[in-house]
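Read-outs throughout are calculated quantities, based only on the coordinates presented, and are distinct from any laboratory measurement. These figures come from a predicted structure and were not determined experimentally. We place every Cβ from the backbone using ideal geometry, glycine too, and count neighbours over all the protein chains shown.
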Amino acid sequence: GKGRNLNQLFQPQGITVDDLGQIYVADSWTQRVTRWCEGKEEGEIVVGGNGRENQSNQLNSPHGLSFDDEGNLYVAGYLNHRIQKFQIIL
């Protein structure tokens, strides 16, 4: 259901899957990207979730997600008009 807990999404806007089959969801309302692994009942925050500002470790309405060939995660921020690159440990 809708909410801020790790077993909920509030306003999902983007989704992608890594090479291991883990699902990543950009949740624009909670300002975070969560990773959902098969068999788990909760997601884990991999990026953001620490406010809606313009610091390099913060997101502002994340909408789009993509991985490059090296496993870096790119997050498109709607309200701060930028694309951020994050190195994710799989």
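The peptide list 79-87, 26-34, put in order of mean Cβ contacts within 10 Å with the highest first, becomes 26-34, 79-87. Peptides 36-46, 58-68 ranked from most to least packed give 58-68, 36-46, packing being the mean of other C-beta atoms within 10 angstrom over each peptide's residues. By the Kirkwood approach, averaging reciprocal distances over each pair of separate Cα atoms, the chain gets a hydrodynamic radius of 12.8 Å.
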